[in-house]
Amino acid sequence: MPSVRELGRVSVAAVRPAALPALLAALAVAGCDALRPFEAVCEKRLPPTQVEVLAAPVGYTTDLSLPAAELSGKGAHTFGRTLMGLTLAELKSTVEYGGSGIADRRGQRVCMRPAVKVRLSFSPMTVYVAREHPPGSCAYRVTLEHELKHVSVYEQYLAGIAHDIEAALRQELGARVLYFRSEAEGDAHVRKVLEERIGPYVEDTMLRVVALQRQVDSPEEYARLDRAQAECEAAAGKN
């Protein structure tokens, strides 16, 4: 049985565009560019917009220290069922952005194409097995196999949302050149786009992944677990 705590966190880290000084120097010394319209210079000089959204490999740690009663408290939405296993995870997103820009000192304008890199991860992820099921036992194996089904759902889902977020950012930022009155205004605009696009995806993802995880915990699966655990107990009683 999974439980997802926290609706995710969006951390946006600004990376100042290292290419900007070189582009300014080129604009200052290139006489032809100085005579061309600023928009034409931007279209010619700026490299394409870059958007990359990565799904980090899903890893987990195991915790065998808690009794079933405490696990059941952590998974309170299970409506009174005693939990012998539980998976907890957080969805996190970290964002780095920078880009290339050119400043028109005469017109007090800045043009830019951003470069954005997003990393999504379900971290930390902890798989709990109740201490009543010691490692190596039949009951432990049955419980752990069930919890790993939840880990698999997280892994498959993460790749899908990475694709969706990248598509949304590409549509929003596009290949067009962005124009602002200052570098600070451009920085604020890109930050706002990232927060408005990524934040809702993270929150919606947490709701959707909980629904998918509940499908894993179907009545049929619980019945299978009960039968398997009964078989484990019967086998232990014969030894």
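What follows is calculated from the coordinates using simple rules that are stated; it is not laboratory data. Keep in mind that this is a model prediction, so the values were computed, not measured. In this analysis, Cβ positions are derived from the backbone assuming ideal geometry, glycine residues included, and neighbour counts consider all displayed protein chains.
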* **DSSP-loop trypsin sites (Lys or Arg not before Pro) across region 141-239, with at most 12 other Cβ within 10 angstrom** => ARG176, ARG181
* Could you compute the FRET efficiency for GLU166 and ALA234, with r as their C-beta to C-beta distance and R0 at 41 Å, rounded to 0.05? => 0.20
* **Extension gain from ARG181 to ARG224, taking 0.36 nm per residue of separation minus the Cα-Cα distance** => 9.1 nm
* To do: Could you pull out the pairs from LYS74/LYS192; LYS74/LYS149; LYS92/LYS149; LYS92/LYS192 whose alpha carbons sit more than 26 Å apart here?
  => LYS74/LYS192
* Structure fact -> In this structure, the FRET efficiency calculated for ASP63 and GLU96 from their beta-carbon separation, with R0 = 41 Å, to the nearest 0.05, is 0.80
* Net lengthening on full extension, ARG105/LYS117 (0.36 nm per residue, minus Cα-Cα) -> 1.4 nm
* Whole-angstrom gap from region 115-134 to region 191-239, using each part's C-alpha centre -> 13 Å
